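I have placed the structure first, in the form of structure tokens, so that the comments after it can refer back to it.
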Protein chains: 2
Amino acid sequence: MRKFDTKKDEYSRILQRQANETADVSQVVTNILADVEKNGDQALFQLTKKIDGIELTALKVSEAEMVEALEKVPEKLLTVLKLAKEKITSFHQKQVRQGFVATDEPGVVMGQRILPLEKVGVYVPGGTASYPSTVLMDTIPAKIAGVAKIVMVTPPNQAGKVEPAILAAAKIAGVDEVYKVGGAQAVAALAYGTETIPQVDKIVGPGNIYVATAKKMVYGKVDIDMIAGPSDVLIVADESGKANWLAADMIAQAEHDTLAQAILVTTDADLAEAVEAEVSKQLAALPRQKIAEASLNQNGKIILVKDLKEAVEIANLVAPEHLELAVKEPFALLSQVKNAGSVFLGHHTPEVLGDYLAGPNHTLPTEGTARFYSPLSVDDFVKKSSYLYYDEAALKEVGAAVAYFAETEDLVGHARSMQLRLEAD
Amino acid sequence: MRKFDTKKDEYSRILQRQANETADVSQVVTNILADVEKNGDQALFQLTKKIDGIELTALKVSEAEMVEALEKVPEKLLTVLKLAKEKITSFHQKQVRQGFVATDEPGVVMGQRILPLEKVGVYVPGGTASYPSTVLMDTIPAKIAGVAKIVMVTPPNQAGKVEPAILAAAKIAGVDEVYKVGGAQAVAALAYGTETIPQVDKIVGPGNIYVATAKKMVYGKVDIDMIAGPSDVLIVADESGKANWLAADMIAQAEHDTLAQAILVTTDADLAEAVEAEVSKQLAALPRQKIAEASLNQNGKIILVKDLKEAVEIANLVAPEHLELAVKEPFALLSQVKNAGSVFLGHHTPEVLGDYLAGPNHTLPTEGTARFYSPLSVDDFVKKSSYLYYDEAALKEVGAAVAYFAETEDLVGHARSMQLRLEAD
């Protein structure tokens, strides 16, 4: 782990991460998108064979496969999935918005309606990053928003199946259809539609660099949630921090991915030393030791600051995905936090609690994008539509001003649309 | 104008528009972005000379230029701009959201904060598409959201200046800084920052294909409002529609751009004929006749339907930017409208009213993207941040479930972050 002192000119280096896009990926993804747009299902079968090494006979997960999966999943996991669903639902229901109507002026009605998206695609990664928790987090807000059809895509495993836990989570969350296709080709299928897979209005969910690049390329054709990068945590700790807990929190972040980033910012030099020692100790017994070690060596940082004000300044600069405030008075710091996807307050709120079932969403802005992106929410699955009504008298009040404004913009046709109405009896 | 009957298989052709992106544009924009990222202001001066033919001595509009511009603008325009500001502000203030806090469970506090973006860039096109109304529409919601710094970029005119009406609108709307740079290079400056122009969190505003492509390319590095295409209107009319008003409304749309689209969907065959005749008549006297004529010939459509239900079905399929309901009972149709940027109800609410000063935003989703995009609003200038607090007892309630869930996802480091806290006294 690299250690930094508090010199301001070091701050920019805190943010240094590996670049994660190459021209090579763009070309591969461009070709895949064109192939799927042109050849539909046939392209999906061929690409799944070529890229995943799986020869599928059907893209859609059958009812029989769904039943089989649910039977394979331990009862205990079903119980935990249902508990998580309940808590996530409870939190996200508070995000539901109502439209508004304004009737302040005589003869005028205007407002804004909130309408659910009709069809949404949820991308679920395969392999070691295949998380049932993500299925819940990405689907439940869409259900609450009132999305009519939720379609999940995920690459098949080596047996040509989807992991039972993923299917169980999909069932519990309320996914309508599951398709065994992943990568850029799955994004293409959702963006363009194929014979089997419906075109959707929005694609959400994390994925590797091919998935992220494909999502960016189809953005505009459909909406997307965000461009997700590797995960990160920034922990602000004062002398009340417990070294072994904080070391465990940094390792939990680092075990995701070698590109993941864990940063500790502390006012306490002894704590900094102790966390570093604890990290080394705890890494030894970790199944994902190599991944976590690489992440911490490349991107992990411990920064000593003179006070908590400076710590929060650094947090706002980094704009972390997850921000732990492991301090005596965490609520006192909250109002100073300007850029963070999700904030975890106090010593008994480790980030992993939010990963699973506390309630707030775990799909969060990464790589400093908490400056402008938000946690996934019910808002992501609705659109707004404004409306306006003027009666004749109200129109006559403002008509001349509108026509004049249009003329100053050299839009005579606009002015005329208004003038014809003003001239009428 | 092409006429269609009501056969379903014709519907897909209603949506046909010219493709508006080419590999050529992508390459040009890629080079411009790289140039500005590397060379900053120097690249901006050079590109402005090369592309706009203007040799600037300074990028920033000076205080003296601002004063001079305000003196040049007619008093009447200032009055109309202020009226528009008042009405736009009044509508958008109703969009302001509060965060929430949930304290339903003992020892648990969680919620969502709404925070303004810090810096926003507003792109204002030059030439004939340079509209003071757009300056108001794109800036006022940002001010209401609480954005600390609003930076405007716009290409200089042939005299190396910005049009006085644009500067007046910027002043009235509350823009903090104006820079004389346009095109992809302006987008690059806002995305990366230069010596003079600050990096922003989000770029909003319409532009040509180079601007739109640049916005898409920097999306993820910063946020953007949407990928804007040519403007469109769909008018639903029953026998109560007035042919000359509706013809004027179609022409108002068509005069924007040869790629603009105006569609009339009506239940009344006589009205369809009459509107077509009126369009020809009114086009004759229009300054922008050539543009409007080309737009109507290429993209204009009149569609005859058997009833209003079918008319709204077509509207939902097209997902128009602007939807006029020129019918006897417009409010009765509103609830059936699922996809439309902004809806104009009744005969005395022409779309141009919304373009200028009624209140709702005129920056709207185009090219069918009202399926998933929304009108520009205060929401575009805030981000959300969630927060979570558990006390020790509350953590002990759910800790085992969280640890178990983490283990099923093979994330032992996650489980340990929880277990260490459960084991502690």
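Please treat every number below as a calculation from the coordinates, not as lab data. This one's a predicted model, so the numbers in the text were calculated from it and none came from an experiment. Here the Cβ is made from the backbone with ideal geometry for all residues, glycine too, and neighbour counts use every protein chain on show.
So the label point goes 7 Å from the Cα of A:Glu68 along Cα→C-beta, right? Which residues of region A:116-139 then have their backbone N under 17 Å from it? Inside the label zone: nothing. Dipole of region B:23-224 computed with +1 at Lys/Arg Cβ and -1 at Asp/Glu Cβ about the Cα centre; of B:Val211, B:Val153, B:Val109, farthest Cα towards the positive end is B:Val109. For region A:304-346, the normalised intensity computed at q = 0.15 Å⁻¹ comes to -0.29 (log10 of I(q)/I(0), Debye sum over alpha carbons, equal scatterers, no solvent). Directionally averaged projected area (region B:58-156, Cα convex hull): 9.0 nm².
When the alpha carbon coordinates of chain B are projected onto the principal axes, the ranges are 86, 59, 44 Å, largest first.
When the Gaussian network model of chain B links Cα atoms closer than 10 Å, the mean-square fluctuations of B:His348, B:His256, B:His322 top out at B:His348. Counting Lys and Arg as +1 and Asp and Glu as -1 over every other residue whose Cβ lies under 9 Å from the Cβ of B:Ala173, the net charge comes to +2. The alpha-carbon positions of region A:23-224 define a convex hull whose volume is 140 Å³ per residue. Of all DSSP beta bridges confined to the protein assembly as shown, the antiparallel ones make up roughly 25%. Legend: mean number of C-beta atoms from other chains within 10 angstrom of residue C-beta atoms, peptide A:242-248, equals 4.
Label-point spacing for A:Gln27 across the identical copies (point 7 Å from Cα in the Cβ direction), in nm and ascending order: 1.4. For region A:186-226, the set of chymotrypsin sites (Phe, Trp or Tyr not before Pro) satisfying both a DSSP loop assignment and a count of at most 12 other C-beta atoms within 10 Å is empty.
Here the gap between A:Ile51 and A:Glu86, fully extended at 0.36 nm per residue and compared with their Cα-Cα distance, gives a gain of 8.9 nm.
Distances between equivalent label points of A:Phe331 across the copies, with each point positioned 7 Å along Cα→Cβ, amount to 4.5 nm, shortest listed first. Across identical copies of the chain, B:Ala277 has label-point separations of 9.6 nm, listed in ascending order, with the point defined 7 angstrom from Cα along Cα→Cβ. Size descriptor for region A:251-382, Kirkwood hydrodynamic radius: 15.6 Å (Cα pairs only, one decimal). Across all C-alpha atoms in the protein assembly as shown, the radius of gyration and Dmax reach 27.8, 87 Å.
Computed over chain B with a Gaussian network model linking Cα atoms closer than 10 Å, the most mobile of B:Met110, B:Met217, B:Met137 is B:Met110. Each part gets one Cα centre, and for region B:386-424 versus region A:340-368 those centres are 12 Å apart. Applying the criteria of a DSSP loop state and at most 12 other Cβ atoms within 10 Å to the chymotrypsin sites (Phe, Trp or Tyr not before Pro) of region B:79-177 yields no site. With a cut-off of 13 Å between beta carbons, the residues surrounding B:Gly346 carry a summed charge of -4, where Lys and Arg count +1 and Asp and Glu -1.
Rounded to the nearest 20 debye, the dipole magnitude of chain B is 640 debye, with +1 charges on Lys and Arg beta carbons, -1 on Asp and Glu beta carbons, and the Cα centre as origin. Highest GNM mean-square fluctuation among B:Leu411, B:Leu345, B:Leu33, for chain B modelled with Cα contacts below 10 Å: B:Leu411. Counting, for every residue in A:367-380, the Cβ atoms of other protein chains within 10 Å of its Cβ and taking the mean gives 5. Candidate membrane-span-like segments in chain A, meaning DSSP H helices with Cα atoms spread over at least 18 Å of their own axis and a Kyte-Doolittle mean of -0.5 or above, are A:23-47, A:75-93, A:132-145, A:269-283, A:392-408, with no membrane implied.
Shown here for region B:176-247: GluC sites (Glu not before Pro) in loop regions (DSSP other than H, G, I, E, B) with at most 11 other Cβ atoms within 10 Å, namely B:Glu195. For chain A, the relative contact order comes to 20 percent (Cα pairs under 8 Å, sequence separation of at least 6). Electrostatic bookkeeping for A:Leu47 treats Lys and Arg as +1 and Asp and Glu as -1; over the other residues with beta carbon under 13 Å from its beta carbon, the sum is -1. The magnitude of the dipole of region A:23-224, with charges of +1 and -1 set on the Cβ of Lys/Arg and Asp/Glu and taken from the Cα centre, is near 400 debye. DSSP beta bridges fully contained in chain B are about 25 percent antiparallel.
Do the alpha carbons of any pairs in A:Lys202/B:Lys215; A:Lys119/A:Lys338; A:Lys290/B:Lys384; A:Lys306/B:Lys396 sit beyond 29 Å of each other, and which pairs? Distance filter (> 29 Å) returns A:Lys119/A:Lys338; A:Lys290/B:Lys384; A:Lys306/B:Lys396.
Only DSSP H runs of four or more residues enter the estimate; each adds -39500 (n - 2.57), and after division by the residues of chain B the mean residue ellipticity at 222 nm equals -13500 deg cm²/dmol.
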